[in-house]
Structures are given as C-alpha cells and as structure tokens.
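Values in this text are rule-based calculations from the coordinates and carry no lab data. If you're wondering where the values come from, they're calculated on a predicted model, not measured in any experiment. Counting neighbours? That spans all protein chains shown, and the Cβs are built from the backbone with ideal geometry, glycine included.
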Amino acid sequence: MKKKDDIILVTVRGLDVPGITARLTGIIAAARGVRIIDIEQTVVHRKLLLSIFLRFSRDAVGAGREPPLLQQLEKCAQELGVSLDVEPFEHRYWEGVDGGDVYAITCLGDDVGAVPLSQIAQILAKYGVNITKIGKMTQRSLSCVELLVEAPPKLNHRTLSRELLALASDVDIDIAIQPANISRRAKRLVVMDMDSTLVAAEAIDELAKKAGVAKEVQAITRAGMEGNIDFTEGLRRRVALLKDFPFRDVEKLARKLPLNRGAERLIRVLKKLGYKIAVISGGFTPFVDHLQKKLGLDFAFANELEVKKGKLTGKLVGRIIDGAAKAMILETIAAAEKLSLDQVIAIGDGANDLPMLSKAGMGIAFHAKDIVRKNAHTSIGHHSGLDSILYLLGISERELKGL
C-alpha cells in the first residue's frame, strides 16, 4: 500500500509510435487516488523518452480484481514494445524545482558538437547553473543547439555571459544567453542598421569607389575609428568628397548593393509572424528607399543627400542620423506602434549603433566590431547569417518550414 503523498516517476523509453501516450495515460485516468502532477515527452530520431510524475494517495492500489496501477502500466509497456522504469521521487527535490532563474543559451557554429558543449557545460557547472534541457534547433546538422538552464537567484548574469562569450571566441562558435521568459516571445518590432548589417557593404565606400575618391574617404573613416573625428564631422567630410557625382549613378548603385546572407529569409518570416521592421541608417535615403520597396519594410530612415541639377552638392539636408538619432527614432517608432522597448530587437555592427542596441529589449551585435560585441546584449559572428536571429527567438528550423 502506497503512503499518502508518495510521488513516483515513471520513465518510458523505446521506438515512438502513435498511441503510446494515449494507452498509458488512459490507464492512469481510470485508477483511483492517482493523478499526474508533471509530464514531459521528447522524441529524438523516433526514439521516445516519456517521463510521468504520479502522486499516489492511499486509495491508489486499484479496485476489485484489477491489478495495481504500476503492474497495469508494466503490462501495457510490454504490449507496446517499450521499456518502463519506476522509481520513487523524493519530496525535497520536488519542492526545489522552481527556485532559479531560467535562461536560454543559443550556440551557433559549423559544428556545435562535443568540444564546445563540454566546455559550456563546465562553465555552467562552475557557476552552479543546471542544464534542464538541450535541443537541436537545426534539422540536418548540429549547427545550432539551445540549452535551457536554471541559474541560482544570486548569479551575476553579466559575469557568466562574459565568460561564455570568451569561450565562444576560443572554440570558434557564437553563444548568446538571454532570459527565457515571456519577453523573449513578445518581440514585435525589429530595427536594424543598413551598412554591413542588412547589406554586405558600406554605401559610402561604394560611392567613393565610383567617384574615384576611395582613398580619401577611407582615410577619414580611419580617423573616425581612431576617435580623432566624431561621426557627424566624418560623415560631412566624406560626403563633401562626392560633390558633382551624378545622382542617377547613386540610384543605380543602390539597386546593386548585395544583401547580407539570410536577410530576405529573416524579413519574410518576421513579416509573416506580424513583426514591424525598420531600417535606421547613417547612410543615405536612395539606398534605404530601394530596400524598403524591395523587402517590404515598414519604416526606413537615413541621411538625405542634397541634389542640384542632377548632381550631388557635397552636402546633406536636414538632421544627420547619428547614434543618438538612431536611438530616438527607435523610441519614436515603438511609441507609435504602442510597444514597450522590451518588445524591440535592434541589430547593428558599428559604434554608432550602440545607443540603439542599448535601448532595445534585445540588442544584437551582428558581424560587429569588438566594442559593439562587448556592449550588446548578444552577438552573432561571421559563421551565421541574419536569419540565425530567428533561433534566438526560440524558432527552430522545423517550425520555419513553409514560412
């Protein structure tokens, strides 16, 4: 006779076929004084692992001439051709299952196999972080793996994140860690930079090549990266070098800039899921306007080149879109769409994207410079295309079929 409040773990393993869960839960449903208090089922390459937690009261033995419940379950398992194990479960473990913070760790690379997984697991163990679930997000390759982990309440999330990012560099994969809470599934707006993010080029550099001033523009760009010129001054100087360049050639070039890998897939899927999508660029309007039409973007913002008699004057019209302006535009769009900043994803690669990335609920450094990767919420390196961001949202490759 089972004691009141006894908890039993029933584990079923074997080849998955339709009806296994139905048969077993049907037997449990017919028993007196027994109820399911937790259940989890996983199928990996048609191999089933089904775990059922049962709470028994003193009336759980069965009635009349019927065999006890556990004997019925074992007999049913034999008929189904699966193995069934039964073990008592200690109450102290049950009472402690909801004590920590839950995070999703997404690992991206050519092969997220034993070497990176073992080293990630060692870091997690060092911080007392328990892995509760591991799943493959891709189908035919082990190029994206997600770990759901439970961390101690007092864990310093930033310290763990820094150590994982350092490991990512050593083992040549990308690792992103984020809270696995409701905000992860509540994102509704994506804003992204254009140059070297949405497109695989820098518009100003391509214009400079056509205008024959590539070296001069590169020198100003280097000065800006070294901190000798701020973004606004550097942009004005570079645009001045484009004076008298035909505007029709700007429009031609805008149609030729290559999209980054995965860009079209990312935008297509997000639009089908109801996201609003914006590009906010420190580049120029002919380029973002073309992308808006081509990709069906909801919003597009960039700097406006002054044009007279069909040629560039070497000046800009209106306010320059620098880092502060990018962050302000993000906030404006979110407010207009009645969204909180937690519902916004921002994607960029340069230092002038950092204000925008810090405002968003999820700021993603994409193929970014070191300073951006270190200050963004998460980072995606050169292994992965833009569509890998879908994995960060918890969307698997299987779910992407048909989208």
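Under the convention that each Lys and Arg Cβ holds +1 and each Asp and Glu Cβ holds -1, the size of the dipole of segment 101-180 around its Cα centre is about 240 debye.
Normalised by the residues of the chain, what does the relative contact order come to in percent, with Cα pairs under 8 Å and at least six apart?
About 14 percent, as a whole number.
Only Lys, Arg, Asp and Glu count, each charged at its Cβ (+1, +1, -1, -1), so figure out the dipole size of the chain about its Cα centre, rounded to 20 debye. Computed charge dipole of the chain: roughly 1060 debye.
Quick one: putting +1 on the C-beta of Lys and Arg, -1 on the C-beta of Asp and Glu, what dipole do you get for segment 202-356 around its Cα centre, in Debye to the nearest 20? Show your work: numbers first, answer last.
Values: 27 positive and 21 negative charges, 157 e Å.
Using only the charged Cβ atoms, the result is roughly 760 debye.
Based on DSSP H segments of at least four residues, each scored -39500 (n - 2.57), the chain has a per-residue ellipticity at 222 nm of -10500 deg cm²/dmol. Which angle between 0 and 90 degrees, to the nearest 10, do you get for helix 231-240 versus the longest principal axis of the chain when only C-alpha atoms count? That works out to roughly 50 degrees.
The phi torsions of segment 8-19, fed into the Karplus equation with coefficients 6.51, -1.76 and 1.60 and a -60° offset, translate into couplings of 10, 9, 9, 10, 10, 9, x, 6, 7, 9, x, x Hz, rounded to whole numbers, with Gly and Pro shown as x. Both radii are taken from the alpha-carbon atoms of the chain; with Rh as the Kirkwood radius, Rg/Rh is 1.12. Within the same chain, aspartates and glutamates fewer than 8 places from LYS315 are excluded, and of the rest, those with a Cα less than 16 Å from its Cα are GLU233, ASP244, GLU304, GLU306. The angle separating the long axis of helix 214-225 from the principal Cα axis of greatest extent in the chain is about 60 degrees. Each residue of segment 299-315 was assigned a 3J(HN,Hα) from its phi angle through the Karplus curve 6.51 cos²θ - 1.76 cosθ + 1.60 (θ = phi - 60°); the sequence is 9, 8, 9, 6, 7, 9, 7, 7, 10, 9, 6, x, 10, 6, 8, x, 10 Hz, with glycine and proline shown as x. For the chain, the antiparallel share of DSSP beta bridges with both residues in that region comes to about 70%.
Karplus-derived 3J(HN,Hα) values for segment 317-332, using 6.51 cos²θ - 1.76 cosθ + 1.60 with θ = phi - 60°, are 10, x, 5, 6, 8, 9, x, 5, 5, 4, 5, 5, 5, 4, 4, 5 Hz; glycine and proline are entered as x. Against the chain, whose longest principal axis is taken from its Cα atoms, helix 20-30 shows a tilt of about 50°.
Largest GNM mean-square fluctuation among ALA211, ALA360, ALA302, using the chain with Cα springs under 10 Å: ALA211. Under 5 Å between amide hydrogens, built in the peptide plane, is the criterion, and for THR132 it picks out LEU148, VAL149, GLU150 among residues at least 5 positions away or on other chains. Only lysine pairs 8 or more places apart, or on different chains, with alpha-carbon atoms under 14 angstrom apart are counted in segment 194-265, and they number 6.
For LYS133, the lysines whose Cα comes closer than 19 Å to its Cα, not counting residues fewer than 8 places off in the same chain, are LYS47.
Distance distribution note for segment 101-180: the fraction of Cα pairs above 17 angstrom is 37%.
I need SER384, SER57 ordered by Cβ neighbour count within 10 Å, fewest first.
Neighbour counts put them in this order, fewest first: SER57, SER384.
Any idea which of ALA211, LEU148, SER183 is furthest toward the positive side of the dipole for the chain, if Lys and Arg beta-carbons carry +1 and Asp and Glu beta-carbons -1? Checked the options; the winner is ALA211.
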